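These notes are about the structure you will find just below.
The values are calculated or read from the model by the stated rules, or taken from the named source; none is laboratory data. Because the structure is a prediction, the values reported are computed rather than measured. Counting neighbours? That spans all protein chains shown, and the Cβs are built from the backbone with ideal geometry, glycine included.
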Amino acid sequence: MPTIRGIRFRLAQALRQTADRLFAPLGGGSIRDIGLGKLGPAAPRALVVYVMHAMPYYVAGKLESAPMLNEHSMYWEIAEMVRQLNERGYVVDFYDVFCPEPIDWPRYAAAFVQSDRLAECPPELPVKKVFYCTENHWAFQNLAEMMRIKAFRDRTGIWVRPERQTRISFSDEYADYITLLGTPFQGLLYNARPERHQLDISVAEVPAHVPKNVPAARTNFLWLGSGGAVLKGLDLAVEAFRELPEAHLYIAGGIEREPRLWQWLKPLLDAHPNLHYLGWVDVAKPAFAKIANNCIGAVYPSASEGGGGAVAQLLHFGLIPLVTQTATVRAAHLGFEIASQEPDAIIAAMREHVQTMLAWPEAELARRSAAVQAFAAAHHTRPAYAASFAALLDRMAL
């Protein structure tokens, strides 16, 4: 018969295992030898360290059935990276960013690393090293989120959880190349020695082209975001639009997942009829396209982004960007870019820019909307990403 002590021990052990599962990051494994069957054991090898979630679907030939494919552009992009490396004759080993397994560096001709692991590569090895950079510098982003959280608490009395604290990485100090998905602002704090290479962010879905019905859309604006809504400036957008009853803000994102922020937002939605909450949306669905086509502006005052993938998606609907410089949106010149990083100044600037847009004649709104769609067609598609990644491989002579 088990003793009380034994029961307590097993219960404590079970609780620790449960906690380990709850707090362990997603992923953490690796997939080796991708392309080996076709290329053979004598083929050179490349290493990719990035988010692995969609790779099992790609390896199984079922990428389009991956349930996360429309949630973020990276899930398709990682598969395209592997496809191109295989096409150029490289067998690929793919490590998740949280994979603890040791890396056998001497076997690789090239490495594409989104985590800190380039620091592990012995400097004497002839590995061509790419820091695959998808965000602002970790120190900038982590501080930016905490400052936005404090500013939100100062205005509302509510502390919210940090949702987008990113991993510390010194890979830029060891890289030969750094990729950028956003504007040059993204690369300011990274080591100056590696060559910069601009990549084009893809999007989950390129919608059918619909000319903007400016009279119907001209007072409607859209914020689209995922986790970490305070970092992404949702609260600042709401603060701006609650004082602009003549303009409507549509909010697309699962804010209920952040309950402390939701407790602040829900009463404002009830009190201000120009604030419209859509919840989480599938950007590939016709229902979302109907809403986006009926808006004129993309509002995204984020404190830190690596190119603003949500805005890239909205550009295809002809939404004129109203963004912060820290959102690193490449199409910002087609709308408004707010240089200040102070929340009160951002709120004031958004109100001013929205009022400017409300006063523009229909012809100016239509012209800018068409220019935005053209930019998206040139720079934010899967073929555009594929071409920009191929150009990187060409630079590396792979």
Residue 308 vs (1) closer than 17 Å to residue 136 by Cβ; (2) at pLDDT 95 or above: all pass except (2)
Checking the structure you have, find out if any residue of region 321-334 is in contact with a Lys or Arg (Cβ under 8 Å, 6 or more places away or on another chain) and not in a strand (DSSP E or B).
yes
Count, please, the residues in region 338-369 that happen to be out of contact with any helix residue (DSSP H, G or I) (no Cβ under 7 Å at 6 or more places or on another chain), over 13 Å from residue 295 (Cα atoms) and in a helix (DSSP H, G or I).
12
Cβ contacts < 7 Å: first residue farther than 20 Å from residue 79 by Cα and touching a residue at least 12 places away in the same chain (Cβ under 8 Å), restricted to region 97-120; second residue part of a loop (DSSP other than H, G, I, E, B) and of a type in the set (Lys, Arg), any location; separation 6+ or different chain. Result?
116/167
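If you take the residues of region 82-112 that are outside any strand (DSSP E or B) and small (Gly, Ala, Ser), which of them is surrounded by the fewest Cβ atoms within 10 Å (Cβ to Cβ)? Outline the logic, then answer.
Taking region 82-112 as the starting set, the residues that turn out to be outside any strand (DSSP E or B) are 82-90, 97-109.
Then keep just the ones that are small (Gly, Ala, Ser); that gives 89, 109.
Numbers: 89: 14, 109: 16.
Going through the qualifying residues, I end up with 89.
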If you check residue 175 against the conditions, is it surrounded by 19 or more Cβ atoms within 10 Å (Cβ to Cβ) and over 30 Å from residue 357 (Cβ atoms)?
yes
Taking first residues from region 39-50 that are assigned by TED's automatic domain parsing to the domain that holds residue 118 and farther than 10 Å from residue 88 by Cβ and second residues anywhere that are charged (D, E, K, R) and surrounded by 18 or more Cβ atoms within 10 Å (Cβ to Cβ), the pairs with Cβ under 7 Å that are 6 or more apart or on different chains are 45/93; 47/93; 49/117
Only listed residue being under 19 Å from the mean Cα position of the chain (by Cα), of a type in the set (Asp, Glu) and surrounded by fewer than 24 Cβ atoms within 10 Å (Cβ to Cβ), chosen from 305, 364, 337
337
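Kindly check whether there is at least one residue in region 57-76 that is assigned to a strand (DSSP E or B), under 30 Å from residue 165 (Cα atoms), aliphatic (A, V, I, L, M) and modelled with pLDDT of 55 or more. Steps first, answer last, please.
Let us first name the residues in region 57-76 that are assigned to a strand (DSSP E or B), namely none.
Scanning region 57-76 turns up no residue that is assigned to a strand (DSSP E or B), under 30 Å from residue 165 (Cα atoms), aliphatic (A, V, I, L, M) and modelled with pLDDT of 55 or more.
For (1) within 15 Å of the chain's Cα centre (by Cα); (2) farther than 30 Å from residue 110 by Cβ; (3) touching a residue at least 12 places away in the same chain (Cβ under 8 Å); (4) outside any strand (DSSP E or B), each residue gets a yes or a no:
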position	(1), (2), (3), (4)
130	no, no, yes, no
172	no, no, yes, yes
179	yes, no, yes, no
223	yes, yes, yes, no
Does at least one position in region 98-113 carry a residue that is within 22 Å of the chain's Cα centre (by Cα) and of a type outside the set (A, V, I, L, M, F, W, C)?
no
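Evaluate the following for residue 178: is it modelled with pLDDT of 95 or more, within 20 Å of residue 327 (Cβ to Cβ) and in contact with an Asp or Glu (Cβ under 7 Å, 6 or more places away or on another chain)? Please lay out each step first, then the result.
Working: modelled with pLDDT of 95 or more: yes; within 20 Å of residue 327 (Cβ to Cβ): yes; in contact with an Asp or Glu (Cβ under 7 Å, 6 or more places away or on another chain): yes.
Yes: the conditions hold for residue 178.
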When only residues in region 129-153 that are among the charged types (D, E, K, R) and out of contact with any Cys (no Cβ under 8 Å at 6 or more places or on another chain) count, which is nearest to residue 196 (Cα to Cα)?
135
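If you check residue 202 against the conditions, is it of a type outside the set (A, V, I, L, M, F, W, C), crowded, with 16+ Cβ neighbours inside 10 Å and without any contact (Cβ under 8 Å) to a residue 60 or more places away in the chain? Don't jump to the end; show me each part of the working.
On the way: of a type outside the set (A, V, I, L, M, F, W, C): yes; crowded, with 16+ Cβ neighbours inside 10 Å: yes; without any contact (Cβ under 8 Å) to a residue 60 or more places away in the chain: no.
In short, no.
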Within region 122-153, can you find the residues that are in contact with a strand residue (DSSP E or B) (Cβ under 6 Å, 6 or more places away or on another chain) and not aliphatic (A, V, I, L, M)?
128, 129, 131, 132, 133
